[in-house]
Every structure is written in C-alpha cells, then in structure tokens.
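Asker: Structure below; questions to follow.
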Number of protein chains: 2
Amino acid sequence: MIHIATIKEVAKYANVSVATVSRVINKKGYVQKETQTKVEEAIKALNYRPNNVARSLFKKQSKMIGYIVPDITNPFFPQLVRAVEDVTVAQGYTTFLCNSDDNLEKELMYLNKMAENYIDGVIIVSNHMNESHLANLQIPVVALDRVFHESIPSVTIDNYQEARRAVMHLVENGCEKIAHISGPENIINSQLRKKAYQDVMMALERPVYISEGHYQMKTAQEATFRLLHEQKDIDAIFTGNDVMAVGALKACTKLGINVPKELQIIGFDGIEWTETVSPEITTIAQPIYEMGKKAATMLLNRINGKEEGQDHIVFPTELKIRETTTH
Amino acid sequence: MIHIATIKEVAKYANVSVATVSRVINKKGYVQKETQTKVEEAIKALNYRPNNVARSLFKKQSKMIGYIVPDITNPFFPQLVRAVEDVTVAQGYTTFLCNSDDNLEKELMYLNKMAENYIDGVIIVSNHMNESHLANLQIPVVALDRVFHESIPSVTIDNYQEARRAVMHLVENGCEKIAHISGPENIINSQLRKKAYQDVMMALERPVYISEGHYQMKTAQEATFRLLHEQKDIDAIFTGNDVMAVGALKACTKLGINVPKELQIIGFDGIEWTETVSPEITTIAQPIYEMGKKAATMLLNRINGKEEGQDHIVFPTELKIRETTTH
DNA sequence: TAAATTTGTGTAAACGGTTACAGATGAGTG
DNA sequence: CACTCATCTGTAACCGTTTACACAAATTTA
C-alpha cells in the first residue's frame, strides 16, 4: 500500500510551512528562489500531487466541466467531444461525459451530481430540459442543438430553414412525389423539420406523405416499407435525420429500387454513417466540430465571468450532395 | 444569486447540531423520530443537498467511477457504457466517461485527474497501458478488451481462437483464396487476429494475402483495392474488425463484385454498423453488453473489498452469419 | 537615517461535511 | 435499588487544501 503524500508532509520534508508549499505549487505570492527549489525537490521526492477534492472544497470550483448527451450511440457526439476537449484541455480543464438515455430524470440526476461536485460548467444536449430545471442550479450552462430559453446561451442551427433547403434540393432535382420520414413528436427539432417539409409541399400544392420513423434505423426501414406499399410512385424521401436515411436506403435496396434513379433520398445531420453505406447519402451537414468548439468557448467565457454579447449562435449547414440524389 | 444551503444552516434551522443532521442524511446512528422529521423539514425548506466534495474529502471516496476509452467513435462503446451504468447506478455510483484518443499521455492524464478527485474505480480500455502505469495509483482498475497484467483483473475474449473461427467459417464455406485485412501493428488484439489467420492458412498450406487497414474504414477500402488489384481471384476476406469489413464491402460494391457470391466477407467485433449496410455483414460478435456488466460488477466488488476469485474473465463470442457469407 | 515599501515566511481560520467521544436520559435486570 | 445497556444528542477534531493576516528582514525612498 503506497502512501499518498499530503501538502503537510511536503512542508515537513522541505522544512517550510504548508503556506509556502502552496505558494510554490500555485506560483502565487512571494517565495525565495532557494526555498522554491527545496520545495520542488520535496515534491519530487515524495511524489506529491495536490488533492483536487480539498482544493475544490475551498475554491468552490473544480476545473472540471461536464457534458450531458442523450445518447452517445448517436455518431453526432464523438466529434462534439473532440471539439470541446480541444478547447477546454488547453485551459487546464478536464471534461467528463455523461449519457442520459434521452431521459429527463437521468439528466437532472447528472446535473445534480455535477453541482454536488463543484463542476464548473456544463454543456447540455437535451430534448426535455428547460430553464426551470436549471434555475436553482449555480452552474454555467450552454445548450447545444436546441434552445432551452432566452436566458440560456445556445449553439444551434436553423432546423426549419435548413430542412426547407433539403426538401428544395429534391424539388430542384425534379422529384414529383416527395415523402417524409419524421422523427419523434415530442422533439422540437424533429417537428421543425417536419413542418418545413409540410410548408414546402403546401406552397407547391403537392400532396404530403408522412410516416413516423422515431429517429431510428429499424423503424425508419419499416416506415419506408409502409410508405412505398401505400404509394408506389414516390420518387423521393426526406428523412428527419441521417440514421433514418440509412434505414430508408436499406428498405429501397431490399425492394430492388434503384437509388437515386428511381428514388432519391436526403438525410439530415451529417453523421459518418452516411458515408459508410453504398450509395453514400446526400445530407444537410451540421458543422458539428465548429459548434462544439463554439459551445466550449462560450462556456469557458461564462465560467470566467466574461459574458459574451452574442448568446444564441446559429450556425450555417452544408448541403453535401452525394450519391442518393442526382445533382 | 441563489444561496446553496450548508449542513450548518440546516442544523440551525432545525435547532439541532450538524451531527444530527448528518445522521439523518446518512440514516446512520440513533436519531429520534421527531427530530428526524424536524431535520427533514429543514432540508426541504432550505432545499439542501449535501456537498459531495466535502464528503469525499473526509471519506476519501467519491461514489464516482470513470471509464477511459480510446475512441468513443468506435460503436463498441455506447453499449459498454450502458452496461456499466446499469450496474453502477443501481448502487449509487455516478459514472463519467473519458476519451483518450488512443493516446497514452491522455490516458495517464485522465487517470491522474481521477486519482486527484478520489474517483473510486476505473474501467480502462487501452492499447498502451501496462501495470507500471497503474502501480502507484491507489484506484481499483478493471481492464476491458485487453489484459494488462496478471495482477490487474480483466474482461476479454480469446482473440486468437475466435479469429481462427472466423477464418474457418470461410474455409468451410468453400473459399479457396482467403485474404486478410489487418489492424495496426502495435495493437496486440489486432496481431492475435492476424496470427490466427496466418496459422490457419499455414496449416492448410494455402497462400497468405495480407494488407494493412489500420482499423479504419477508408484505409481498409484502399487496402481492399490494392489487394484485389494484385490478386484478382481472391474469393474471401477476413478483416481484423468490423469497421474494416464495412470498408472492404464498399470497395467490392464499387468494383461491381457480388458479395457473397463472388467474394465472401467476415468481420470481427459485432458492432451495429454491420447491420446498417447492405448486404449485412457476417461477423464474430463480442457480447459487449455482458462484458461491460461483468467488468462493472468486478470493479464494484474490488471497490467494496470483495475480491473475486476469478480475475481474468474470458467471454465466448457468437458467430453471426448474415449476408456476406453463404451459410 | 528614519520611514515607507517590498519581499519572504508562518499561523490559523476557513471550505462543508463525517464521526469518535462524551454525557444525559430512560428502560431493563438481578 | 444499584447497575448495565440501549437510545439520543452535542462538541470538536479531522479530511487536504487556500489565503487573510501578522510579523520580520531587506530594500528603497526622502
């Protein structure tokens, strides 16, 4: 059993007071060159590492930040994590990731645990959270992917407009009967994307074909089967996210439908999956890395008391034309 | 600015000592029914939540456990995370995930941060770690996916034997010229899988065709192009992991090769991707959820001082025959 | 050269909990 | 009825840091 040295032991070893050791560690306050060397030697000799729990207790901050995401299965997040770390590690923060299973209770549980541990800030991706849940929390928060409330800074894209763009891409490609596989009813972004589809169809006086795909591959596949069974002449599908686009594509492959010649598909999000399948899927790509970077920067600024003027950042997306649409 | 109540304030409000409040919180020691109610009311009135930092400092444990994984992009991990949480949350632990980018330095950094924060235990998936790095750490550790050292408990599969099984599956399907797309040289599991391939080929006196795919889709795709360019009559590929199998499949699709009629493919790991593509990929599936659950249980046992007899668990895998092999 | 300032160091009080210990009360026992 | 023992509560030390404050020595300033 190896003993972990404390600041007291370092002080005794170096023949100084704990205050002096603390000064050396934090490079703060006056300390003579000679004393400093003595202390540094003691630290090395005893293999001392400051205890962050004690430090956090006194300072009421931990140099840790957390993020809560609904489902790390979603290939959206790895990139996000990398972006956030690239920003925060450089400033001495450690980041921890938590998986909420898209479950409000779990989200609040994690939020509470974080507060109890003096986590300095949190980046949250959540479909259920609103500002009332954050009101009596002391932690700076940045919302990603969705706006919680005017008072809580956010980093998002314009789901409605970008979804319109997706649908318009199909229209411009000459598609006549365009269908939509929608995401869950209770997720606002999913509703915005659906509304965009409906509005475009309405404006063009075209019929609307919607089937619910729950943001998942398997269910989207089934939804596609249903759709194509009822309406055989559908020649394009806009799916509410990329995962469902993969499902739709699989359904077409199984039915022997040539994509994109007979039917075109466009997804939404820009996750990696769209490039692993054949044909590769055309999609509206969110600048995930950039969004993560921005969110992290905003959070750090909040933590350090530098409030930013612009608090609700909306990023542009990129239409990535690949192999499931003709141009 | 809302004030966060401390135990002292609760004590004053309830007209008792802090010790009594502590007893109520922890349901430990004697406390009169009536007093308990008083305290509970005070807790509710002040919206008190115990501060875990202070608690950790005294108890030298935090009720937090961490895992370090090389790359959350790897679809292997989400399932693992879920498994671990299912076990640990039930016992009051909070889990935090860290991404090491397959980088030893980052792994050690996280390990240190965890130690500094009295994290109670860690599950590590790492290609670089060995016991010397863990020796002067006080934290119970369980290794997943790879054995670090005899002294460090682990949960793994038998990479060599299971890889043999994969190759034998191709042999039994009547494949004549079987190639291998290998993973990185410095990863032991990747080497074991490669060795298994070589040994089977050797035993059957067949030629060996190996191309390096670095565990990645894009590079595996290129490796497949190279391979098929040099040896046109290859009729089967065993890839060192599933991600590379997806790459190999894409290469075949692009070359107009019919899978599985002209060429069969088998992967390794059992990640979700293998089911998102068409045809779905045959693979050796690791029981990821079970492995995570076991690892978590072992870790918790270690944390609670209940050492288990069996410290190196080797799980069986399942050969999932899908659409890229004939039977 | 006295006063003011800078430099260097130590003492002790926080931070917010837990728990060993002591003391008080009341019930049970021989 | 004295004694033991379970029940209930409070006091204070402790966990490992940081930092306000005090004090002394060295240096600068007038």
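The values are calculated or read from the model by the stated rules, or taken from the named source; none is laboratory data. All figures in this text were calculated on a predicted structure; none of them were measured in a lab. Note: ideal-geometry Cβ built from the backbone for every residue, glycine included; neighbour counts use all protein chains shown. Only protein heavy atoms, including side chains, enter the accessible area calculation; ligands, DNA and RNA are left aside. Shrake-Rupley method; radii C 1.70, N 1.55, O 1.52, S 1.80 Å.
Asker: If you wrap a convex hull around the Cα atoms of the stretch B:159-285, how much volume per residue is inside, in Å³? All intermediate terms of the calculation are to be shown ahead of the outcome.
Answerer: Working: hull volume 11.2 nm³, N = 127.
Here the figure is 88 Å³ per residue.
Asker: With +1 on the Cβ of every Lys and Arg and -1 on the Cβ of every Asp and Glu, and nothing else charged, how large is the dipole of the stretch A:159-286 about its Cα centre, in debye rounded to the nearest 20?
Answerer: On the way: 13 positive and 17 negative charges, 40 e Å.
It comes to approximately 200 debye.
Asker: What lysines does B:LYS177 reach when the alpha-carbon gap must be under 25 Å and sequence neighbours fewer than 8 apart in one chain are set aside?
Answerer: B:LYS194, B:LYS195, B:LYS218, B:LYS232, B:LYS250, B:LYS254, B:LYS261, B:LYS320
Asker: If you filter the stretch B:133-196 for trypsin sites (Lys or Arg not before Pro), then keep DSSP loop positions with at most 10 other Cβ within 10 Å, what is left? It would help to have the intermediate numbers written out before the result.
Answerer: Numbers: sites: B:ARG146, B:ARG164, B:ARG165, B:LYS177, B:ARG193, B:LYS194, B:LYS195; in loops: B:ARG146, B:LYS177.
For trypsin sites (Lys or Arg not before Pro) across the stretch B:133-196 that sit outside H, G, I, E and B with at most 10 neighbouring Cβ atoms in 10 Å, the list is empty.
Asker: Considering only protein heavy atoms, with the full assembly of protein chains and a 1.4 angstrom probe, order B:LYS261, B:LYS106, A:LYS306 by accessible area, largest first.
Answerer: Values: B:LYS261 175, B:LYS106 40, A:LYS306 120 Å².
Largest accessible area first, the residues go B:LYS261, A:LYS306, B:LYS106.
Asker: Between the helical axis of A:76-88 and the dominant principal axis of chain A, each derived from Cα atoms, what acute angle in degrees is found, rounded to the nearest 10?
Answerer: The helix A:76-88 is inclined about 30 degrees to chain A.
Asker: Just to be sure I understand the curve: with the Debye formula and one point per C-alpha of the protein assembly as shown, what is log10 I(q)/I(0) at q = 0.05, 0.06 Å⁻¹?
Answerer: -0.28, -0.40
Asker: Gap in Å between the Cα centre of the stretch A:56-85 and the Cα centre of the stretch B:73-134?
Answerer: About 14 Å separates the Cα centre of the stretch B:73-134 from the one of the stretch A:56-85.
Asker: Going toward the positive end of the dipole of chain A, with +1 on Lys and Arg Cβ and -1 on Asp and Glu Cβ, which of A:MET291, A:HIS327, A:GLN36 do you reach last?
Answerer: Most positive-ward Cα: A:GLN36.
Asker: I want the local charge near B:ALA163. Using Cβ-Cβ distances under 10 Å, sum +1 for each Lys or Arg and -1 for each Asp or Glu among the other residues. Working shown, then result.
Answerer: On the way: positive: B:ARG164, B:ARG165, B:ARG193, B:LYS194, B:LYS195; negative: B:ASP158, B:GLU162, B:ASP199.
Neighbourhood net charge equals +2.
Asker: If you line up the Cα atoms of the stretch A:1-96 on their principal axes, what length do they span on each, largest first, in Å?
Answerer: Answer, in whole Å and largest first: 55, 34, 23 Å.
Asker: Can I ask one more? If you count, for every residue in B:68-74, the Cβ atoms of partner chains within 10 Å of its Cβ, what is the mean? Before the final figure, lay out the partial values.
Answerer: On the way: counts 0, 1, 0, 2, 10, 7, 1.
Per residue, the number of nearby Cβ atoms from other chains is 3 on average.
Asker: Distances from B:ARG226 to the same position in the other copies: list them in nm, one decimal, shortest first, using label points 7 Å from Cα along Cα→Cβ.
Answerer: 4.8
Asker: Now a separate question. What lysines could a cross-link reach from A:LYS12, if we take a straight Cα to Cα line under 17 Å and drop same-chain neighbours fewer than 8 places away?
Answerer: A:LYS38, A:LYS44
Asker: On to the next question. Select from B:PHE268, B:PHE58, B:PHE77 the residue whose mean-square fluctuation is largest in a Gaussian network model of chain B (Cα-Cα springs shorter than 10 Å).
Answerer: Highest fluctuation of the listed residues: B:PHE58.
Asker: Moving on. If you take all C-alpha pairs in the stretch B:7-50, what percent of them are over 13 Å apart? If you can, show how the numbers build up before the last one.
Answerer: Details: 374 of 946 pairs.
Value for the stretch B:7-50 (Cα pairs over 13 Å): 40 percent.
Asker: Kindly report the accessible area of chain B per residue (heavy atoms of protein chains, probe 1.4 Å, no ligands, DNA or RNA), in Å². If you can, show how the numbers build up before the last one.
Answerer: Values: 14560 Å² over 327 residues.
Accessible area per residue: 45 Å².
Asker: In debye, nearest 20, what is the charge dipole magnitude of the stretch A:7-50 about its Cα centre with +1 on Lys and Arg Cβ and -1 on Asp and Glu Cβ, if you could check?
Answerer: On the way: 9 positive and 4 negative charges, 30 e Å.
So the magnitude is around 140 debye.
Asker: Right, another one. Report the per residue volume, in Å³, of the convex hull enclosing the C-alpha atoms of chain B.
Answerer: Details: hull volume 55.5 nm³, N = 327.
So the per-residue Cα hull volume is 170 Å³.
Asker: May I pose another question? Sorted by packing (mean other beta-carbon atoms within 10 Å per residue), highest first, where do A:147-154, B:247-254, A:9-16 land? Walk me through the numbers on the way to the answer.
Answerer: Working: A:147-154: 16.4, B:247-254: 23.8, A:9-16: 18.1.
The peptides rank, most packed first, as B:247-254, A:9-16, A:147-154.
Asker: Could you please report the charge total around A:ALA83, scoring K, R as +1 and D, E as -1 over all other residues with beta-carbon less than 11 angstrom from its beta-carbon?
Answerer: Local charge sum for A:ALA83: 0.
Asker: Report, in degrees rounded to the nearest 10, the 0 to 90 angle that the Cα long axis of helix A:33-46 makes with the longest principal axis of chain A.
Answerer: 70 degrees
Asker: Also: Taking a cut-off of 20 Å between Cα atoms, list the lysines near B:LYS63, but don't count ones fewer than 8 places away on the same chain.
Answerer: Within the straight-line cut-off, B:LYS63 pairs with A:LYS60, A:LYS63, A:LYS106, A:LYS113, B:LYS27, B:LYS28, B:LYS113, B:LYS293, B:LYS294, B:LYS306.
Asker: If you put a point 7 Å past Cα along the Cβ direction, how far is that point for B:LYS254 from the same point in each other copy, in nm, smallest first?
Answerer: Here B:LYS254 shows inter-copy label distances of 2.8 nm.
Asker: A further question follows. Quick one: with label points 7 Å out along Cα→Cβ, list the inter-copy distances for B:GLN61 in nm, shortest first?
Answerer: Sorted ascending, the copy-to-copy spacings read 3.2 nm.
Asker: I'd like the interface area for chains A and B: accessible area of each alone minus the complex, both sides summed, 1.4 Å probe, protein heavy atoms only. What is it in Å² to the nearest 100? Display every interim value, and only then the final one.
Answerer: On the way: alone 17040 and 17030 Å², together 29160 Å².
Summing both chains' loss of accessible area gives about 4900 Å².
Asker: Ignoring ligands, DNA and RNA, what percent of the 1.4 Å accessible area of the protein assembly as shown is carbon and sulfur?
Answerer: Details: 14920 of 29160 Å².
Of the solvent-accessible surface of the protein assembly as shown, carbon and sulfur hold 51 percent.
Asker: Placing +1 at every Lys and Arg Cβ and -1 at every Asp and Glu Cβ, with all other atoms neutral, what dipole size does the protein assembly as shown have around its Cα centre, in debye to the nearest 20?
Answerer: Values: 72 positive and 80 negative charges, 577 e Å.
Rounded to the nearest 20 debye, it is 2780 debye.
Asker: Further, regarding this structure: I'd like to know which of A:LEU228, A:THR274, A:GLY305 lies farthest towards the positive end of the charge dipole of the stretch A:204-327, counting +1 on Cβ of Lys and Arg and -1 on Cβ of Asp and Glu.
Answerer: Of the options given, the answer is A:THR274.
Asker: Along the Cα→Cβ direction, 7 angstrom out, place labels at B:GLU172 and B:ASP71. What is the inter-label distance in nm?
Answerer: 3.1 nm
Asker: Cα axis of helix A:217-230 to longest principal axis of chain A: angle in degrees, 0 to 90, nearest 10?
Answerer: With both axes taken from Cα atoms, the answer is about 10 degrees.
Asker: Further, regarding this structure: Between B:GLN91 and B:ASN112, what is the FRET efficiency for a Förster distance of 25 Å, r being their Cβ-Cβ separation, to the nearest 0.05? Don't skip to the answer; put the middle values down first.
Answerer: Numbers: r = 25 Å, r/R0 = 1.01.
E between B:GLN91 and B:ASN112, to the nearest 0.05, is 0.50.
Asker: Also, I was wondering about something else. Relative to a virtual label point 7 Å from the Cα of B:LEU104 in the Cα→beta-carbon direction, which members of the stretch B:142-172 show backbone nitrogen distances below 14 Å?
Answerer: Residues passing the 14 Å test: none.
Asker: Taking every residue in B:78-86, how many Cβ atoms of other protein chains lie within 10 Å of its Cβ, on average? Don't skip to the end; give the middle numbers.
Answerer: Details: counts 8, 2, 1, 7, 5, 0, 1, 4, 0.
Averaged over the peptide's residues, the number is 3.
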